[in-house]
Amino acid sequence: MEEFKKRLISLRVTPRTKLICALAAFALPLIFLAVSFFVSAEKPVDFIPIDSGSAYSKAEIYAVDGPFVQETKGERTNRNFYLAINDDGYYIVLATGAHTDLPVYGVDVDADSYTANGTTAVMGTPEPISSELAAYVLDYINYPEDTGINEENFSNYFGDYLLDTTQTPSRNASVYYVFAATAFIVGITFLLTYAGLGKKLGKKIDALNSDGTMDKVAADFEASAQPVYSKTPMAAVSDTYFVGIDTQNNVTVLPLSEVTNVYECNIINGQYSPTSYIALETADGRRVCTSPLAKGGKDARFADMISLLKSKISVGGAAL
Amino acid sequence: MIIVYGWRSRFKPEAQLGTEKCENCGHTAEHILAKQLNQATLFGLPIVSITAKRGIMCTCCGHFKLLSNDEYKAEKSSAEMSVK
C-alpha cells in the first residue's frame, strides 16, 4: 500500500519538479555567489582622466579639496564631489559617498603637510565629467582668484573623466547577492509548497483507506499485468480500477465495471471551463470529472488515457 | 497602486441549434452556435475582446466543433431562418 501511495503522490508531485525547485533553492544561489565573487575580485587599472573608458580604476591621491558640489536626492546626500591631488601633482575630480575618510585639504592637512603621510589609493569607476559639473569646478577654482582655467582649456587640467568611488565591483556584486537571495526564497517556497502538496495528497489517500478501499486497489494494481500510471493527466488505471487526482488533491477511485461512459469534458458545474477533465459516468447516473489538463492544452497523452479507459470499460463507452 | 489585470476565455452563445447526439460524450443534448472570446480584463472587467474560435458546442460536455467563418455564417443564418 505504501509503495502504491508513493507512486500516486509522484503523479502529482514529480521528482523533476522537486529537482528544479531544489536547483533554484541551492544551485542558483551558489552560481550567483560565485559570479559576485569573480566580479568583486576584479583588479583595478590605473586611472587616466583623459581616456579611462569604464574599467574599474585606481588612483593614488594625497588629499581632497572640497566638496565643491553635492549630489542629493530629497534631503539625502548621494555623492560629494572633490578635487583630489594625485601622486603626479595633478588635480582629478573625485566622487565619494556622503562621508569620506580621505584627508581633506584645509581641514586635515595644509599646503605644507599634505604630502607628509604619503598617498592613499582610491578605487572606483570612471564617469564622464558633465558640462554642468565642469561649471561647478570652474566656479570653485576661480574663486577668489581667477586661475585662468576656463571651459576651453578645462580638459587640459582635469581631463574628461572623474573617478566615482561609490561604484566599486563589491558594490556592483551586491546585485548578485539580491539575485541569490531571491532564487533561494523562491526555490524554498516552491519546494515547501510541493512537499505540502504531497502530504495533503497522502492524507486524502489515507482517509480513503479508512475502510480498506485503497488496500484493495493497491493489491489490484500490483496484480495487474500492465498497470498504467500517467502524470498527464494525473491518473492510474489497472485491469479493475481507475484512480484520478485533481488539482485540489481530490482522489477519485472507481471500479471500471461501474463506469459506463468516458469522455473529455469542459463543462464543470454547468459552466464552460477551458480546462479539460476526464468525465466518467457510472451506472447509477453519476458523472465524475477528474484528472484535469491545464488550460487550453491539447495533449496526446490525455486523448490516449481516454482511449485506454474506453477500451477497458464494459458498458456504453467503448461503443461510442 | 495595484492594477489587477488578467486574461480569460468566455463563450458567447449566438444561436440554439436544437438537440442532437454529441460525437464526444454520446449524449443527445442541446447544441449551440457559439464563439469563443479571449478577453483582457482590468479589475475583473473585460476591456478588449478577441474572437478566437467559432463553432458548435455541446452543452453537456463542452465539446467544441470548429467551423470556418463561412460555415459559421451559414449555420447562423439557417438557425435564424428556422426561428422565424
>> Need the full-extension length gain, A:Val45 to A:Ile188, defined as separation in residues times 0.36 nm minus the C-alpha distance. One decimal, nm.
In response: 47.4 nm
>> If you only keep lysine pairs separated by 8 or more in sequence, or across chains, how many in chain B come under 14 Å at the Cα atoms?
In response: 11
> Can you pull the percent of Cα pairs in chain A with separation above 38 Å?
Replying inline: 50 percent
> In the structure shown, do any of A:Lys203/A:Lys312; A:Lys6/A:Lys200; A:Lys203/A:Lys310 have a Cα-Cα gap over 22 Å, and if so which?
Replying inline: A:Lys203/A:Lys312; A:Lys203/A:Lys310
> Between A:Asn250 and A:Ala223, what FRET efficiency comes out of the Förster formula 1/(1 + (r/R0)^6) with R0 = 22 Å and r the beta carbon distance, rounded to 0.05?
Replying inline: 0.30
> Which helices pass in chain A if a helix is a full DSSP H run, must span at least 27 angstrom along its long axis by Cα, and must have mean Kyte-Doolittle hydropathy not below -1.0?
Replying inline: A:169-208
> Which ³J(HN,Hα) values, rounded to whole Hz and listed in residue order, are derived for region A:89-98 from phi using the Karplus coefficients 6.51, -1.76 and 1.60 in 6.51 cos²θ - 1.76 cosθ + 1.60 with θ = phi - 60°, glycine and proline given as x?
Replying inline: x, 9, 8, 10, 8, 10, 10, 10, x, 5
>> So if I take the centroid of the Cα atoms in region A:157-196 and the same for region A:94-141, what is the distance between those two points in Å?
In response: 29 Å
>> Students often get this wrong: which residues of region A:223-252 have the backbone nitrogen under 19 Å from the point 7 angstrom along Cα-to-C-beta of A:Ser210?
In response: A:249-252
> Which value in deg cm²/dmol, rounded to the nearest 500, describes the helix-derived mean residue ellipticity at 222 nm for chain A, given -39,500 (n - 2.57) per DSSP H run of n ≥ 4 and division by the residue count?
Replying inline: -11500 deg cm²/dmol
>> Please list 3J(HN,Hα) in residue order for region B:49-57, calculated via the Karplus relation 6.51 cos²θ - 1.76 cosθ + 1.60 where θ = phi - 60°; whole Hz, with x for glycine and proline.
In response: 10, 10, 6, 9, 9, 10, x, 10, 10
> In degrees between 0 and 90, to the nearest 10, how far off the longest principal axis of chain B does helix B:69-83 point, with axes built from Cα atoms?
Replying inline: 60 degrees
> What are the residues whose amide H is under 5 Å from the amide H of B:Leu17, where those residues sit 5 or more places off or on another chain and H is modelled from the backbone?
Replying inline: B:His31, B:Ile32, B:Leu33
>> Which residue, A:Leu19, A:Val39, A:Pro29, has the largest displacement toward the positive end of the dipole of region A:1-47 when charges sit on each Cβ (Lys, Arg +1; Asp, Glu -1)?
In response: A:Leu19
> What's the average, rounded to a whole number, of partner chain beta-carbon atoms within 10 Å of each residue's beta-carbon in A:260-270?
Replying inline: 4
>> As an exercise, identify the GluC sites (Glu not before Pro) in region A:5-105 lying in DSSP coil whose Cβ has no more than 16 other Cβ atoms within 10 Å.
In response: A:Glu42, A:Glu75
>> Checking the cross-link filter: which aspartates and glutamates have an alpha carbon closer than 16 Å to that of A:Lys18, excluding same-chain neighbours under 8 positions apart?
In response: none
> If you count, for every residue in B:25-32, the Cβ atoms of partner chains within 10 Å of its Cβ, what is the mean?
Replying inline: 3
> Expressed as a whole number of Å, what is the distance separating the alpha-carbon centroids of region A:40-86 and region A:197-241?
Replying inline: 69 Å
> Taking the DSSP beta bridges in the protein assembly as shown as the whole, what percent of them are antiparallel, to the nearest 5?
Replying inline: 95 percent
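None of the figures in this text is laboratory data; all of them are computed from the coordinates on show. All figures in this text were calculated on a predicted structure; none of them were measured in a lab. Don't worry about glycine lacking a Cβ; one is built from the backbone with ideal geometry, like all the others, and counts go over all protein chains shown.
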